[in-house]
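Below you'll find the structure, written out as structure tokens, and then a few comments.
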Amino acid sequence: MTPAPGSTLLFIYGTLKRGASNHAVLADQTYVADASTVPGYRLLLVADYPGMVRDPADRRGVQGEIWSVSPDALRRLDDFEGVPERLYRRDRVSLTPPHEDLAVESYLYLRNIRGRRPIISGIWPANGRLIP
Ligand code: PCA
């Protein structure tokens, strides 16, 4: 897959997904594919949204979607996700085949995760309702 010039491939896994609560912020960009991270990343329930963190002990990874995002949209998304406030940081992540060679970035959660409920499945439900 050849990304449009200047665009960034973004792996999104939470409320930005199709059908999820904040999808409107991303909706005018280009969907590429459903995808999964390699093991070593997991999800936590932060509030009514999830956070993804690196965890070398993880054996499952996280499921989400790859989107191709323009520079303008990327700035908008960084602001929306609280990158300036260091809620998340956007960083390279590794995906499973057939996307293993793509340079893809994702929002990694930066705050304290103590006491945060893990989302064992690695899947954020589009309707935001987690099965207890
Ligand atoms: N929004 C971003 C990060 C977590 C969230 O809810 C996403 O969907 O990837």
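Some values worked out for this structure:
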quantity	calculated
Anisotropy class of the stretch 1-67 from Cα gyration tensor, a/c 1.5 cut	oblate
Formal net charge of residues neighbouring ALA27 (Cβ-Cβ distance under 13 Å; K, R +1; D, E -1)	+1
Rounded tilt (10° steps) of 71-80 against the dominant C-alpha axis of the chain	20 degrees
Computed log₁₀ I(q)/I(0) - Debye formula, equal Cα scatterers, no solvent, the chain, q 0.21 Å⁻¹	-1.37
For the stretch 74-132, convex hull volume per residue from C-alpha positions, Å³	131 Å³
Amide hydrogen neighbours beyond the local backbone of VAL46, cut-off 5 Å, H modeled	GLY51
C-alpha center-to-center spacing [the stretch 1-37, the stretch 64-132] in angstrom	10 Å
Heavy-atom surface of the chain, accessible at 1.4 Å and reported per residue (Å²)	54 Å²
Per-bin percent of Cα-Cα distances, the stretch 46-96 [10 Å]	17, 51, 29, 3
Relative contact order for the chain, counting Cα pairs under 8 Å that sit 6 or more residues apart, in percent	34 percent
Carbon/sulfur fraction of accessible area - the stretch 41-94, other protein chains in place, 1.4 Å, %	47 percent
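The values are calculated or read from the model by the stated rules, or taken from the named source; none is laboratory data. Nothing here was measured: the structure is a model prediction, and the numbers come from that model. Neighbour counts run over all protein chains shown; Cβ positions are idealised from the backbone, glycine included. Note: areas computed on protein heavy atoms with side chains; ligands, DNA, RNA excluded. Shrake-Rupley method; radii C 1.70, N 1.55, O 1.52, S 1.80 Å.
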